[in-house]
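The values are calculated or read from the model by the stated rules, or taken from the named source; none is laboratory data. This is a predicted model, so every value here is computed, not measured. Positions of Cβ are backbone-derived with ideal geometry, glycine not excepted, and every protein chain shown enters the neighbour counts.
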Amino acid sequence: MKQKARLNLNIDADLKEQTLNVLAQIGLDFTTAINVYFKKIVRDNKIPFELSATSYYSVEEVAGANWREGLDDIEDEWE
């Protein structure tokens, strides 16, 4: 029999309740769900979803603070 280890963690109470509700619909408890998650990490050698810190740039960051200057002088073919 494999030796068991205890894992204690703190999470947001609302997140815990929401997760409990979803897991109940699937028929899993927290222990089983965490074991499935950890086994997937070990098997694939990665977290089983993409993590990113997407950075959205403002127009000012890309075109400069004065990007609006001169817009009225630009001729276009839409008028």
Pull out all pairs, ordered by first then second residue, where Cβ-Cβ is under 8 Å, the residues are six or more apart or on different chains, the first lies in the range 50-78 and is without any contact (Cβ under 8 Å) to a residue 60 or more places away in the chain, and the second is in a loop (DSSP other than H, G, I, E, B). 59/67; 60/67
Please specify each residue of the range 26-79 satisfying the condition of being acidic (Asp, Glu), assigned to a helix (DSSP H, G or I) and surrounded by 10 or more Cβ atoms within 10 Å (Cβ to Cβ). 60, 61
When you go through (1) assigned to a helix (DSSP H, G or I); (2) in contact with an Asp or Glu (Cβ under 9 Å, 6 or more places away or on another chain); (3) modelled with pLDDT under 95 one by one for residue 23, which number turns out not to apply? (3)
